[in-house]
């Protein structure tokens, strides 16, 4: 769930958050296709694995958590293209850096809105994909919970990478190279959590770890994002 | 241990010696390329200075 | 003139170092530090220091190699194959250490805006990457006779692999910018973000691995190494650290030359020679 503003007592920050969030959602509403594309990619990638491995649900069940998670990671990478690039290209981002408002807050608001549009749909879609790969119904809550926490982490880490590479031409592969290694711990905890759940073991530990990671990234990430954005945008 | 034992490494010779050899090659290579690059940069800098001098 | 030979070359002294951005802080207590970080001084210093690191490093390497290959007794289980640990462990710790050096230098460069710090970070990256490659190679070669396969997803090898990706990402990001300043700052940010991630990666990989074989140490841990057999390991680690600095001296000098190409101190020094 989106983190609250830093200081609720100060009206300025919260209204800034709302302003940015509303803008993002309104812009996204005009380009539904851009919102849907990563989701469709997610489904297609999940479909690749049965084709590549075997139609047997028993075999697929063993790798199902990993497949869903890797597909989510790759889909979130694709979605990052639309996070900052349009604003940087039309000069909006430069205005933001010069505006005197806390850039870290604005970028966090943007990232959160982006997660609502890109990450959350995948969380909702994941049980469908998982079931198609043989996952039992009992695992759905853990699957969705871990993916919710995980995709939020991926969004933040991805946003830092996107801010760093936004000025680089054809930077999408570079973005992947930078961000995927950083995301590996999230993948480990997330996918294995679901795997543990499938074997009936306790998932409290790893889920707490995921939540802790999210807190860490959410608190430090925006500053890294803002610093990266200034480096990329300032001429 | 005698010389033969030293080279044989109780049958693990290819593993032990390839490790040590690889490490040696890479370490020496690191230093060698660093020195070569420095030489090139120096040459380039000298040429640039000479051109600058010629123009002034 | 002698400026051809890299070891003895240096820009001729006899001029005042230009005021860089660091010297703007006229706090005299720190002036010596900023003066030291000025490119001409750093260039000279690196050239003078290098032999003092290089030759002790080589000597220590020979001593450690002798200790590890000859003096140390054979292990009961692993026989002589365990001698690989005398190169594998030092390169592994170097691969991590160099990353920290890189991240700290990058952090200093971005916080205090010291160009030399950025140069040190840029110069260290390829060295660290090569140490990581050596770790993976030696780990793989060690693994073949020990557990029968060329690769295992054990904690150390896996986190070294991720470490390699972090190095490569840093170098790729640097290369993608034409403007050196922007490259410096962007890659510095990445290095700092990466270094925060390193402990997370290590912990997650150990946890991931422990799910399979219980809380066990890396398969590549030295076979309960006796303290009398430990000293070649420590000496080798020290030797590699010194060697790293020796190579770094030259790489930093190259960086300085490249970055300072249009400055007067550099051009004038060649005119004088």
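We did not get these values from a lab; they are worked out from the coordinates using the rules stated. These numbers were taken from a predicted model, which means no experiment stands behind them. Heads up, the Cβs are rebuilt from the backbone with ideal geometry, glycines too, and the neighbour counts pull from every protein chain shown.
A compact table of results
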item: Taking only Cα atoms of chain A, radius of gyration then Dmax in Å; result: 18.1, 58
item: Packing-based exposure ordering (other Cβ within 10 Å, fewest first) of B:44, A:192; result: B:44, A:192
item: Kirkwood Rh and Cα Rg combined as Rg/Rh, the protein assembly as shown; result: 1.02
item: Values of log10 I(q)/I(0), in the order q = 0.09, 0.11 Å⁻¹, for segment C:95-254 under a Debye, Cα-only, solvent-free model; result: -0.35, -0.52
item: Calculated SAXS-style log₁₀ I(q)/I(0) at q = 0.15, 0.22, 0.23, 0.24 Å⁻¹ - segment A:98-208, Debye, Cα scatterers; result: -0.74, -1.20, -1.25, -1.29
item: Cβ-derived FRET efficiency at R0 25 Å, residue C:153 paired with residue A:48, nearest 0.05; result: 0.65
item: Order of C:259, A:169, C:251 under a 10 Å beta carbon neighbour criterion, fewest first; result: A:169, C:259, C:251
item: Calculated [θ] (222 nm, deg cm²/dmol) that DSSP helices of n ≥ 4 give over the protein assembly as shown, each run adding -39,500 (n - 2.57); result: -26500 deg cm²/dmol
item: Rounded to 10°, Cα long-axis angle of helix B:13-55 versus longest principal axis of chain B; result: 10 degrees
item: Crossing angle, helix A:11-30 versus chain A [Cα axis fit, 0-90 degrees, rounded to tens]; result: 60 degrees
item: Between helix A:57-79 and chain A: long-axis angle, C-alpha atoms, 0 to 90°, nearest 10; result: 10 degrees
